[in-house]
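Some notes on the structure that comes next.
The values are calculated or read from the model by the stated rules, or taken from the named source; none is laboratory data. Because the structure is predicted, anything quoted here is derived from the model rather than measured. So basically every Cβ, Gly included, is an ideal-geometry build from the backbone, and we count neighbours across all protein chains shown. Accessible surface areas use protein heavy atoms only, side chains included; no ligands, DNA or RNA. Shrake-Rupley method; radii C 1.70, N 1.55, O 1.52, S 1.80 Å.
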Amino acid sequence: MTRRAVVVGTGHYLPERVVENAEFEATLDTTDEWIRSRSGIERRHFAAEGETTSDMAAKAAERALADAGLTADDLDAIVVATSTPDLTFPSAATMVQSKLGMTKGFAFDVQAVCAGFVYALSNASALIASGQASRVMVIGAETFSRIMDWTDRSTCVLFGDGAGALLLEAQEQPGTNTDRGILSTDLNSDGRYKDLLYVDGGVSTQSTGHLRMQGNQVFRHAVEKLASTANTALDRAGLSAADVDWIVPHQANIRIIQGTAKKMGLSMDNVVVTVQDHGNTSAASIPLALSVGKERGQIKEGDLIVTEAIGGGLAWGAVVLRW
Ligand code: UT7
């Protein structure tokens, strides 16, 4: 038998304020048509004043606990993937721990920008497989609206805020690739590409900074690297793209999502797409899509899912799991 990390609950939270593309037309030299056709984005949610990453993460986690029929006392650990924590420290994860009323176990953040949720899932799976934890809440939560340069039309129309959570539980499975749970992962980074996507500030440079991106360069890397990492992870599990029920990709750009599916030889009927409604929510985009995909009735128990993401670093990776 093999100890696997199986998803037993999902939840998500989106801030109340919805901003349609057309709103940007008033302040920027842009159009709804450009944003839609180049990125697939139609709207995004922005956090209210005073609403923080840990507030949204805690709400998503509460919903995942309710979905699983469990309480915070049942958790051993919380992992939050974020690049936009409330404070420099403590971690957003310990703030979520407190908001959930959880007084035992441990909590920490993972920072791998848009690939953060894939990194967090991989870490949580390792904690479970090694016996260090039996139930781990894995959350992706971001307030990217706080790091936008509102005069830069090439970035500020693309991002949004939100949070999604998966509750993982240790379950003994037969040890084959028909098991439920996380079956394989593939993580990569290459710091030589730092300048393609970064924030031009931070603690040790004493500013908050704004997101800077050479979008077309990141696009080129994304199309090349995402199908490759997804196929590597599938190969590690002894599976292939033909076995996949759902690709649940990082939701940055519909053209990247379509290009990756095509490279993997899969139809868009096998892809969960939320980019039109959420924009790019960085580390929150995959758990948001998983939770929405389940709510829509797309994702069902037993489905084989591959998630993949790329972002600042560059950092990228994929996780294969059976729901
Ligand atoms: O989540 C982390 C990973 N990030 C990504 O995966 C994002 C990857 N990149 C992208 O999604 C796309 O590259 C973008 C959506 C950011 C841009 O699409 P593109 O087709 O690569 O356009 P481009 O950057 O090559 O720009 C084309 C033109 C430029 O004008 P010129 O130089 O051709 O005259 C831009 O100045 O579009 C212009 N442009 C805009 N025009 C209207 C850039 N932003 C806008 C805008 N409205 N908002």
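Within the range 232-252, is there a residue that is of a type in the set (S, T, N, Q), under 21 Å from the mean Cα position of the chain (by Cα) and not assigned by TED's automatic domain parsing to the domain that holds Thr151? Among the residues of the range 232-252, at least one is of a type in the set (S, T, N, Q), under 21 Å from the mean Cα position of the chain (by Cα) and not assigned by TED's automatic domain parsing to the domain that holds Thr151, which makes the answer yes. If you check Glu62 against the conditions, is it charged (D, E, K, R), modelled with pLDDT of 95 or more and not in a loop (DSSP other than H, G, I, E, B)? Criteria met by Glu62. When Pro15 is tested against (1) under 16 Å from Thr274 (Cβ atoms); (2) assigned to a strand (DSSP E or B), only condition (2) is not met. Scanning the range 18-29 for residues that are near the ligand (Cβ under 9 Å from one of its atoms) and open to solvent by 40 Å² or more (accessible area, probe 1.4 Å) yields a total of 1.
Of all residues in the range 215-237, those satisfying the criterion of being closer than 29 Å to Gly175 by Cα and open to solvent by 30 Å² or more (accessible area, probe 1.4 Å) are Ser228, Asn231, Thr232, Asp235, Arg236.
What's the total number of residues in the range 47-79 that are under 20 Å from Ala170 (Cβ atoms) and either touching a strand residue (DSSP E or B) at 6+ places or on another chain (Cβ under 6 Å) or open to solvent by less than 50 Å² (accessible area, probe 1.4 Å) (or both)? Please lay out each step first, then the result.
First pass over the range 47-79, keeping only residues under 20 Å from Ala170 (Cβ atoms): 61, 64-65, 67-79.
Okay, now just the ones that are also either touching a strand residue (DSSP E or B) at 6+ places or on another chain (Cβ under 6 Å) or open to solvent by less than 50 Å² (accessible area, probe 1.4 Å) (or both), so 61, 64-65, 67-68, 70, 72, 74-79.
Residues in the range 47-79 being under 20 Å from Ala170 (Cβ atoms) and either touching a strand residue (DSSP E or B) at 6+ places or on another chain (Cβ under 6 Å) or open to solvent by less than 50 Å² (accessible area, probe 1.4 Å) (or both): 13 in total.
In the range 111-127 there is no residue that is surrounded by fewer than 18 Cβ atoms within 10 Å (Cβ to Cβ), touching a strand residue (DSSP E or B) at 6+ places or on another chain (Cβ under 6 Å), under 25 Å from Ala289 (Cβ atoms) and outside the structural domain of Ile247 (by TED's automatic domain parsing). Screening the candidates Asp32, Asp67 for the property of being within 16 Å of the ligand (Cβ to nearest atom) and touching a residue at least 12 places away in the same chain (Cβ under 8 Å) yields one hit, Asp32.
Within the range 265-278, none of the residues are modelled with pLDDT of 95 or more, under 21 Å from Leu314 (Cβ atoms) and open to solvent by 20 Å² or more (accessible area, probe 1.4 Å).
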